[in-house]
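K.L.:
After the structure tokens below, expect a handful of questions from me.
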Amino acid sequence: MLTQHHAFCPTSYLPPGSEILFRPPTPWEQYKTPILAITGAILVQALLIAWLIHERQYRRRAERTARETFSELAQVNRIETAGELSAAIAHEINQPITGMVTNASAALRWLSRENPDIGNASDALGKIVKAGHR
């Protein structure tokens, strides 16, 4: 019969018909429930980590898209502001020029009469010079 210190010997060394009594349980037999619980917890954690990594990538893509969209919006806003500014500048330039052309035309008409109206022509030319300096 085998003594306790020979408990780890393979069963093939035993004579045929031997019966093993009081054999210590294997780690699987002894800790089956904790092993399954820990394995399940590790799998759940691995799935959560994978999901969090996926969400992180999705968030980064969304942030990059938002930054690009914001940049495009800022560019469109700058272009629109420049367009409005150039329209305002064009209006501010065209208005005095139109007035100058009108005064010059009037001065030419007054000077081309049989009796030229020098006073009105002089006033119109004065307005042209004033508008030019402005």
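The values are calculated or read from the model by the stated rules, or taken from the named source; none is laboratory data. All values derive from a computational prediction rather than experimental measurement. Because the Cβ atoms are built from the backbone with ideal geometry, glycine has one as well, and the counts that use them run over all protein chains shown.
K.L.:
Checking the condition assigned to a helix (DSSP H, G or I), surrounded by 11 or more Cβ atoms within 10 Å (Cβ to Cβ) and either at pLDDT 85 or above or in contact with a His (Cβ under 8 Å, 6 or more places away or on another chain) (or both), which residue from ALA106, ALA121, ALA90, ALA74 passes?
P.N.:
Of the residues listed, the single one that is assigned to a helix (DSSP H, G or I), surrounded by 11 or more Cβ atoms within 10 Å (Cβ to Cβ) and either at pLDDT 85 or above or in contact with a His (Cβ under 8 Å, 6 or more places away or on another chain) (or both) is ALA106.
K.L.:
Could you please let me know if PRO96 is under 30 Å from THR11 (Cβ atoms) and either polar (S, T, N, Q) or over 28 Å from the mean Cα position of the chain (by Cα) (or both)?
P.N.:
Answer is no for this residue.
K.L.:
Looking at THR33 and the list (1) more than 19 Å from the chain's Cα centre (by Cα); (2) surrounded by 10 or more Cβ atoms within 10 Å (Cβ to Cβ); (3) among the polar types (S, T, N, Q); (4) modelled with pLDDT of 90 or more, which single condition is not satisfied?
P.N.:
Of everything listed in (1) more than 19 Å from the chain's Cα centre (by Cα); (2) surrounded by 10 or more Cβ atoms within 10 Å (Cβ to Cβ); (3) among the polar types (S, T, N, Q); (4) modelled with pLDDT of 90 or more, THR33 misses just condition (2).
K.L.:
Can GLU63 be described as more than 30 Å from ALA131 (Cα to Cα) and of a type in the set (Asp, Glu)?
P.N.:
So GLU63 passes the test.
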